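Trainee: Structure incoming, see below.
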Amino acid sequence: MSLANKYRPQTFDAIIWQNHITEILKAQMKSDQKINHNFLLFWPRWTGKTTAARLIAKAINCTDSQDGNPCNQCDNCMSINRSTTLDYVEIDAASHTSVDNIREEILDRVPYPPTQLKKKIYVIDEVHMLSKSAFNALLKTIEEPRDNVCFVLATTEMHKVPDTIISRCQVFNFKKVLENDMIWHLQSICNQENLSYEPEAMSIIAKISEWCVRDAVKYIDQISILGDITQAHVSKFLWVASEKMIKDFLETIKKWDRNIVFEQIDKIYQNGIDLHQFAKQALIYIDQNLNSDMDFLLGVSGWFSEIISTIKYYPYPVIVYKIALNKYLSSNTSVNNKSKDENNHSDTTQENKSVVNESIPVDVIRVELPPVAIQTSQKIQSNTGQNLDEIRNNVVSQIDKVSLQQNLKWNFIIEDIQDNTVSAIVINKMTKILLDSEENKRILETAFANVMWNKIKVDIIFENKENYFARKLG
């Protein structure tokens, strides 16, 4: 038996980092009067949704409940564990999307009482995959369920589930496991399996699994074939980089030497490192060490994000790194050269610095605008809504600070412009941190002033990328 199945939680208490959910469920199971008929379990993959659905089914039907947990010893619990009862039905909505599937699997069977269990339990995994007609067919049954029927729905994309279904369910939002809790869980499994391990190896596994429990346990299972769980075995078996390798690569980029960096990329690839995974690991490292060199790390994070979004389209991943890195290094070189030129012309430099000098109000700035900016300024007075993207692009192009420019390019969206106030959305946490700096915000507002020829205030709101696109598409 695989370790993932062997150590799959059999009680609510065994589910890690979901106490905000398990405590409520345990309290419900202690009282038959408070048990809900419909549950909707939501959020990332492999955080325990399907496991929790099975535990709900067992706890509802358990004849010897232990503080709200199923006993796993009674006939009802055993029949669910062994899948030998007709009263417990799991449906994969990804392969049962049509209304005919729902009718055959659920609607035609719901009127009949359970044959063995107290209640019939229907677990629908990836429920967002159901068709619109299937949801409509299911709605009436969920809205007025029988006392002996319970529905447990699980999804990773709740924005695709109709509001009519959501409003009739008790919703539980799962969350990804924290690194320390994940490491503790993996160490506990290793101790029970008598496996030696290095704490650093546990940390790498927790990060590359993106804090998904089943992935992490699966990696332990695979690596244990080689013996001890060490950094060397993790890198060899899973094609991932050590933290030192990531740190050294970032230090190499800081040297701004294209040839040295390209040689480092080739070396990483020749060592068998998965370059797609390497980019993800690098972003995790950047997030955890952001305060050590914020401007540099934020700038590089945009480069790694670009790699992740494009690398799957290239059969030879090294070239993706080199194309993106060449663009990044070139932009920094141009900024450095510009700074040198300005130093050679001190009078001009002093004049230009006045544009961003904090002591001079923005409304008295007089900057020679390029034709495109002037045209945009004229357009905005007559029809603002149709030119927001053009304004954003012009503003971003005027910012010389590379880390700020690259982050704004991908993660900054203008929602509205009214009365010289720009309402903007930031869809990346790192970009929001960057704009929390008064200096960076002043640079942004100055760029807006140059484009729109007026004093501008920028109001910034952070919104998770997934939530933003879900709102726009919904």
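Just so you know, all these numbers are worked out from the coordinates, no wet-lab data involved. Remember, it's a predicted structure, so these values are computed and weren't measured experimentally. Heads up, the Cβs are rebuilt from the backbone with ideal geometry, glycines too, and the neighbour counts pull from every protein chain shown.
Trainee: Under 5 Å between amide H atoms, partner at least 5 residues away or on a different chain: which partners does residue 123 have, H built in plane at 1.01 Å?
Mentor: 89, 90, 91, 152
Trainee: Rounded to the nearest 0.05, what FRET efficiency is calculated for residue 78 and residue 184 with R0 set to 22 Å and r the Cβ-Cβ distance?
Mentor: Working: r = 30 Å, r/R0 = 1.36.
Working from the Cβ atoms, E equals 0.15.
Trainee: In nm, give the distance between the simple-model label positions of residue 148 and residue 30, each being 7 Å from the Cα along the Cα-to-Cβ direction.
Mentor: 2.9 nm
Trainee: Continuing with this model, one more query. Provide the percentage of antiparallel DSSP beta bridges, counting only those with both residues in the chain; round to the nearest 5.
Mentor: Values: 7 of 33 bridges.
DSSP beta bridges in the chain are roughly 20 percent antiparallel.
Trainee: Counting only pairs 8 or more residues apart or on different chains, how many lysine pairs in the range 51-184 have their Cα atoms under 20 Å apart?
Mentor: The result is 9.
Trainee: What are the lysines whose alpha-carbon lies under 23 Å from the alpha-carbon of residue 244, with same-chain residues fewer than 8 places away excluded?
Mentor: Excluding near neighbours in sequence, the set is 207, 236, 254, 255, 267, 280, 322.
Trainee: A further question on this structure: Multiplying the sequence separation of residue 416 and residue 330 by 0.36 nm and subtracting their Cα-Cα distance, what value in nm do you get? List each step's numbers first, then the result.
Mentor: On the way: separation 86, 0.36 × 86 = 30.96 nm, distance 3.29 nm.
So the chain would gain 27.7 nm between residue 416 and residue 330.
Trainee: A further question on this structure: Between residue 13 and residue 454, how high is the FRET efficiency from 1/(1 + (r/R0)^6) when r is the Cβ-Cβ distance and R₀ = 56 Å? Nearest 0.05.
Mentor: Working: r = 61 Å, r/R0 = 1.08.
The computed FRET efficiency comes out at 0.40.
Trainee: Would you please put 180-193, 396-409 in order of how densely packed they are, using the mean number of other Cβ atoms within 10 angstrom per residue and starting with the highest?
Mentor: On the way: 180-193: 16.5, 396-409: 20.1.
By packing density, highest mean first, the sequence is 396-409, 180-193.
Trainee: If you don't mind, there's one more thing I want to ask. Convert each backbone phi in the range 447-462 into a coupling constant with the Karplus relation 6.51 cos²θ - 1.76 cosθ + 1.60 (shift: θ = phi - 60°), then list the ³J(HN,Hα) values in order as whole Hz, x for Gly and Pro.
Mentor: Taking θ as phi minus 60°, the curve returns 4, 5, 4, 5, 7, 9, 6, 6, 5, 10, 10, 10, 9, 10, 10, 8 Hz for the range 447-462.
Trainee: Separate question: With r as the distance between the Cβ atoms of residue 271 and residue 175 and R0 = 30 Å, compute the FRET efficiency 1/(1 + (r/R0)^6) and round to 0.05. Please report the intermediate quantities before stating the final value.
Mentor: Values: r = 34 Å, r/R0 = 1.15.
Given R0 = 30 Å and the Cβ-Cβ separation, E is 0.30.
Trainee: Charges on Cβ only, +1 for Lys and Arg, -1 for Asp and Glu, centred on the Cα centroid of the chain; of 319, 128, 212, which one is farthest towards the dipole's positive end?
Mentor: Of 319, 128, 212, it is 128.
Trainee: Just to confirm the number: angle between the C-alpha axis of helix 243-254 and the first principal axis of the chain, 0 to 90 degrees, nearest 10?
Mentor: Compared with the principal axis, the helix lies near 20 degrees.
Trainee: Under a point spin-label approximation (7 Å from Cα along Cα-to-Cβ), what is the residue 92-residue 438 distance to one decimal in nm?
Mentor: 5.7 nm
Trainee: Need the full-extension length gain, residue 469 to residue 139, defined as separation in residues times 0.36 nm minus the C-alpha distance. One decimal, nm.
Mentor: On the way: separation 330, 0.36 × 330 = 118.80 nm, distance 2.60 nm.
Going from the current span to full extension adds 116.2 nm.
Trainee: For the range 160-201 and the range 275-308, what is the centre-to-centre distance using only Cα atoms, to the nearest Å?
Mentor: After rounding, the separation between the Cα centres reads 24 Å.
Trainee: By how many nm would the segment from residue 239 to residue 159 lengthen if fully extended, with 0.36 nm per residue of separation less the alpha-carbon distance?
Mentor: Values: separation 80, 0.36 × 80 = 28.80 nm, distance 3.44 nm.
Gain in length upon complete extension: 25.4 nm.
Trainee: Compute, for the chain, the length of the dipole vector about the Cα centre, with Cβ point charges of +1 (Lys, Arg) and -1 (Asp, Glu) only. Units Debye, rounded to 20.
Mentor: Working: 53 positive and 60 negative charges, 141 e Å.
Using Cβ point charges on Lys, Arg, Asp and Glu, the chain gives about 680 debye.
Trainee: Per residue of the range 50-60, what does 6.51 cos²θ - 1.76 cosθ + 1.60 with θ = phi - 60° give for ³J(HN,Hα)? Whole Hz please, x for Gly and Pro, Karplus curve as stated.
Mentor: In residue order, the calculated couplings are 5, 4, 5, 4, 5, 5, 4, 4, 5, 5, 5 Hz.
Trainee: For the range 308-313, what does the Karplus curve 6.51 cos²θ - 1.76 cosθ + 1.60, with θ = phi - 60°, yield as ³J(HN,Hα) per residue in whole Hz, taken in order and with x for Gly and Pro?
Mentor: So the J values, rounded to whole Hz, are 4, 6, 10, 5, 5, 8.
Trainee: What number, rounded to the nearest 500 deg cm²/dmol, is the helix-based mean residue ellipticity at 222 nm of the chain, given -39500 (n - 2.57) per DSSP H run of at least four residues and division by all its residues?
Mentor: Details: 23 runs with 253 residues, N = 474.
Helix-only estimate at 222 nm: -16000 deg cm²/dmol.
Trainee: Still on this structure, I have one more. Give the label of the value calculated from the structure for percent of Cα pairs over 28 Å apart, choosing from (1) 64; (2) 61; (3) 48.
Mentor: It is the value labelled (1).
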